[in-house]
1. Given only helices, namely DSSP H runs of n ≥ 4 each adding -39500 (n - 2.57), what is the per-residue ellipticity at 222 nm of the chain, to the nearest 500 deg cm²/dmol?
2. Hey, can you find the accessible area per residue of region 1-57 for me, probe 1.4 Å, expressed in square angstrom?
3. May I ask you to derive the FRET efficiency for D145 and D65 from their Cβ-Cβ distance with R0 = 35 Å, giving the value to the nearest 0.05?
4. Put +1 on the Cβ of each Lys and Arg and -1 on the Cβ of each Asp and Glu in region 34-137; which of I82, V36, W63 then has its Cα farthest toward the positive end of the dipole?
5. Mind checking region 73-181 for GluC sites (Glu not before Pro) that DSSP puts in a loop (not H, G, I, E or B) and that have at most 11 other Cβ atoms within 10 Å?
6. Using a probe of 1.4 angstrom, how much of the accessible area of region 41-148 is carbon and sulfur, in percent?
7. Under a 1.4 angstrom probe, counting protein chains only, how are T170, T106 ranked by accessible area, largest first?
8. Dipole of region 81-188, Cα-centred, from +1 at each Lys and Arg C-beta and -1 at each Asp and Glu C-beta, to the nearest 20 debye?
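The values are calculated or read from the model by the stated rules, or taken from the named source; none is laboratory data. Keep in mind that this is a model prediction, so the values were computed, not measured. Cβ atoms come from the backbone with ideal geometry, glycine included; neighbour counts cover every protein chain shown. These area figures cover heavy atoms from the full protein model, side chains too; ligands, DNA and RNA do not enter into them. Shrake-Rupley method; radii C 1.70, N 1.55, O 1.52, S 1.80 Å.
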Amino acid sequence: AVGDGTLDVGVSGRGLKPDEVAKGLSVALTLQTPFVLVTSDKRPNGLARTEVAAFYRNAKAAWADGTPLRPVLRPKSDSDTIVMSELFPGWEAAAEDARKRPEVATAATDQDNADVAERIPGSLTGMTLLQFNTEQRRLRLVAIDGVEPSLGAFEAGSYPFEKKLFVVVTGQPNATRDRFLAFLRSAE
(Lines give C-alpha, C1' and ligand atoms only; values in the text may rest on other atoms or scores of the structure.)
Protein backbone atom coordinates (compact mmCIF):
# COMPACT_ATOMS: atom_id res chain seq x y z
CA ALA A 1 0.00 0.00 0.00
CA VAL A 2 2.93 2.37 0.68
CA GLY A 3 4.47 1.48 -2.68
CA ASP A 4 1.14 2.15 -4.41
CA GLY A 5 0.79 5.55 -2.72
CA THR A 6 -2.30 4.51 -0.73
CA LEU A 7 -0.47 4.92 2.58
CA ASP A 8 2.29 7.34 3.55
CA VAL A 9 3.70 5.05 6.26
CA GLY A 10 3.53 1.31 6.76
CA VAL A 11 4.72 -0.97 9.54
CA SER A 12 6.09 -4.37 8.59
CA GLY A 13 7.17 -7.32 10.71
CA ARG A 14 10.01 -8.04 8.29
CA GLY A 15 12.67 -6.14 6.41
CA LEU A 16 12.16 -5.12 2.81
CA LYS A 17 12.72 -7.52 -0.06
CA PRO A 18 14.94 -6.45 -2.99
CA ASP A 19 11.93 -5.95 -5.29
CA GLU A 20 10.33 -3.65 -2.69
CA VAL A 21 13.49 -1.58 -2.45
CA ALA A 22 13.59 -1.44 -6.26
CA LYS A 23 10.06 0.07 -6.17
CA GLY A 24 11.40 2.95 -4.07
CA LEU A 25 10.48 1.75 -0.58
CA SER A 26 12.86 2.25 2.32
CA VAL A 27 12.95 1.58 6.04
CA ALA A 28 12.74 4.92 7.84
CA LEU A 29 12.91 3.50 11.33
CA THR A 30 13.35 0.14 13.04
CA LEU A 31 11.54 -0.45 16.32
CA GLN A 32 12.09 -3.23 18.82
CA THR A 33 9.42 -4.68 21.09
CA PRO A 34 9.46 -7.66 23.42
CA PHE A 35 7.96 -10.77 21.83
CA VAL A 36 5.81 -12.61 24.35
CA LEU A 37 3.88 -15.81 24.79
CA VAL A 38 0.28 -15.34 25.88
CA THR A 39 -2.57 -17.56 26.97
CA SER A 40 -6.19 -17.48 28.00
CA ASP A 41 -5.34 -19.75 30.96
CA LYS A 42 -6.17 -17.94 34.21
CA ARG A 43 -2.92 -18.81 36.03
CA PRO A 44 -0.33 -19.95 33.52
CA ASN A 45 2.86 -21.51 34.70
CA GLY A 46 6.01 -20.24 33.08
CA LEU A 47 7.80 -22.15 30.36
CA ALA A 48 11.43 -22.76 29.64
CA ARG A 49 12.60 -21.50 26.26
CA THR A 50 13.78 -25.00 25.42
CA GLU A 51 10.38 -26.61 26.15
CA VAL A 52 8.13 -24.31 24.08
CA ALA A 53 8.46 -26.53 20.99
CA ALA A 54 7.45 -29.62 22.97
CA PHE A 55 4.26 -27.90 24.11
CA TYR A 56 3.34 -27.16 20.48
CA ARG A 57 4.18 -30.70 19.37
CA ASN A 58 2.42 -32.60 22.16
CA ALA A 59 -1.33 -32.98 21.54
CA LYS A 60 -1.77 -33.90 25.23
CA ALA A 61 0.22 -30.98 26.69
CA ALA A 62 -1.42 -29.23 29.63
CA TRP A 63 -0.88 -26.21 31.82
CA ALA A 64 0.11 -26.85 35.46
CA ASP A 65 -3.55 -26.50 36.52
CA GLY A 66 -4.50 -29.37 34.18
CA THR A 67 -6.10 -27.24 31.46
CA PRO A 68 -5.22 -28.65 28.03
CA LEU A 69 -2.69 -26.44 26.27
CA ARG A 70 -4.07 -25.43 22.88
CA PRO A 71 -1.53 -23.85 20.51
CA VAL A 72 -2.55 -21.17 18.05
CA LEU A 73 -0.40 -20.86 14.92
CA ARG A 74 0.15 -18.18 12.29
CA PRO A 75 0.57 -18.83 8.54
CA LYS A 76 3.96 -20.25 7.56
CA SER A 77 5.03 -17.02 5.86
CA ASP A 78 3.94 -14.73 8.72
CA SER A 79 6.65 -12.73 10.49
CA ASP A 80 5.54 -14.07 13.90
CA THR A 81 6.09 -17.63 12.62
CA ILE A 82 9.61 -16.66 11.64
CA VAL A 83 10.21 -15.03 15.04
CA MET A 84 8.93 -18.10 16.92
CA SER A 85 11.25 -20.30 14.82
CA GLU A 86 14.23 -18.09 15.65
CA LEU A 87 13.51 -17.77 19.38
CA PHE A 88 12.49 -21.28 20.40
CA PRO A 89 14.70 -24.26 19.49
CA GLY A 90 12.83 -26.92 17.51
CA TRP A 91 9.70 -24.81 17.22
CA GLU A 92 9.54 -24.84 13.40
CA ALA A 93 9.34 -28.65 13.24
CA ALA A 94 6.91 -28.71 16.19
CA ALA A 95 4.66 -26.20 14.42
CA GLU A 96 4.67 -28.38 11.29
CA ASP A 97 3.51 -31.32 13.43
CA ALA A 98 0.85 -29.13 15.06
CA ARG A 99 -0.44 -27.99 11.64
CA LYS A 100 -1.45 -31.61 10.93
CA ARG A 101 -3.83 -31.68 13.90
CA PRO A 102 -7.37 -30.59 13.01
CA GLU A 103 -8.00 -28.93 16.39
CA VAL A 104 -5.05 -26.53 16.07
CA ALA A 105 -6.17 -23.08 14.93
CA THR A 106 -4.24 -20.87 12.52
CA ALA A 107 -4.89 -17.13 12.72
CA ALA A 108 -4.24 -14.92 9.70
CA THR A 109 -3.61 -11.53 11.34
CA ASP A 110 -2.39 -10.16 14.65
CA GLN A 111 -5.93 -9.31 15.69
CA ASP A 112 -7.28 -12.71 14.58
CA ASN A 113 -4.50 -14.34 16.60
CA ALA A 114 -5.48 -12.45 19.75
CA ASP A 115 -9.22 -13.08 19.16
CA VAL A 116 -8.68 -16.82 18.75
CA ALA A 117 -6.36 -16.97 21.76
CA GLU A 118 -9.02 -15.24 23.90
CA ARG A 119 -11.74 -17.69 22.76
CA ILE A 120 -9.85 -20.96 23.14
CA PRO A 121 -9.42 -22.20 26.73
CA GLY A 122 -5.76 -22.92 27.48
CA SER A 123 -4.48 -21.21 24.33
CA LEU A 124 -0.79 -20.53 23.73
CA THR A 125 0.45 -18.15 21.07
CA GLY A 126 3.03 -15.45 20.46
CA MET A 127 2.56 -11.71 19.95
CA THR A 128 4.37 -8.49 20.64
CA LEU A 129 4.15 -6.83 24.02
CA LEU A 130 3.24 -3.71 22.05
CA GLN A 131 0.04 -5.37 20.80
CA PHE A 132 -0.70 -6.94 24.18
CA ASN A 133 -0.45 -3.57 25.95
CA THR A 134 -2.17 -1.37 23.37
CA GLU A 135 -5.12 -3.69 22.73
CA GLN A 136 -5.56 -4.64 26.41
CA ARG A 137 -6.48 -8.21 25.55
CA ARG A 138 -8.04 -10.68 28.00
CA LEU A 139 -4.88 -12.77 27.88
CA ARG A 140 -2.10 -13.44 30.35
CA LEU A 141 1.61 -13.19 29.78
CA VAL A 142 3.69 -16.37 30.16
CA ALA A 143 7.05 -16.11 31.90
CA ILE A 144 9.93 -17.58 29.90
CA ASP A 145 12.93 -19.02 31.73
CA GLY A 146 11.54 -17.56 34.95
CA VAL A 147 11.38 -13.99 33.65
CA GLU A 148 8.07 -12.17 33.44
CA PRO A 149 7.86 -10.26 30.15
CA SER A 150 7.90 -6.50 30.57
CA LEU A 151 9.43 -3.48 28.91
CA GLY A 152 11.64 -2.98 31.98
CA ALA A 153 12.96 -6.55 31.83
CA PHE A 154 13.54 -6.16 28.09
CA GLU A 155 15.42 -2.88 28.48
CA ALA A 156 17.49 -4.37 31.34
CA GLY A 157 18.42 -7.34 29.16
CA SER A 158 16.90 -10.01 31.40
CA TYR A 159 14.10 -10.68 28.88
CA PRO A 160 15.88 -11.21 25.54
CA PHE A 161 12.95 -12.15 23.30
CA GLU A 162 12.22 -9.46 20.71
CA LYS A 163 10.59 -8.69 17.42
CA LYS A 164 11.68 -5.90 15.13
CA LEU A 165 9.13 -3.73 13.37
CA PHE A 166 10.09 -1.77 10.28
CA VAL A 167 8.53 1.61 9.47
CA VAL A 168 8.35 1.73 5.66
CA VAL A 169 8.09 4.82 3.46
CA THR A 170 8.80 5.93 -0.09
CA GLY A 171 11.47 8.44 -1.04
CA GLN A 172 8.86 10.97 -2.16
CA PRO A 173 8.84 14.20 -0.10
CA ASN A 174 5.94 14.34 2.35
CA ALA A 175 5.92 16.97 5.12
CA THR A 176 3.11 15.35 7.15
CA ARG A 177 4.80 11.95 7.04
CA ASP A 178 8.14 13.47 7.99
CA ARG A 179 6.59 15.20 11.03
CA PHE A 180 5.09 11.86 12.05
CA LEU A 181 8.47 10.12 11.69
CA ALA A 182 10.08 12.86 13.78
CA PHE A 183 7.46 12.20 16.45
CA LEU A 184 8.23 8.46 16.37
CA ARG A 185 11.91 9.24 16.93
CA SER A 186 11.22 11.67 19.79
CA ALA A 187 11.18 10.98 23.52
CA GLU A 188 7.48 11.84 23.54
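1. Details: 8 runs with 63 residues, N = 188.
That comes out to -9000 deg cm²/dmol.
2. 54
3. The calculated FRET efficiency here is 0.95.
4. W63
5. E103
6. Working: 2750 of 5400 Å².
Carbon and sulfur together cover 51 percent of it.
7. Per-residue accessible area, sorted high to low, gives T106, T170.
8. That gives region 81-188 a dipole magnitude of about 260 debye.
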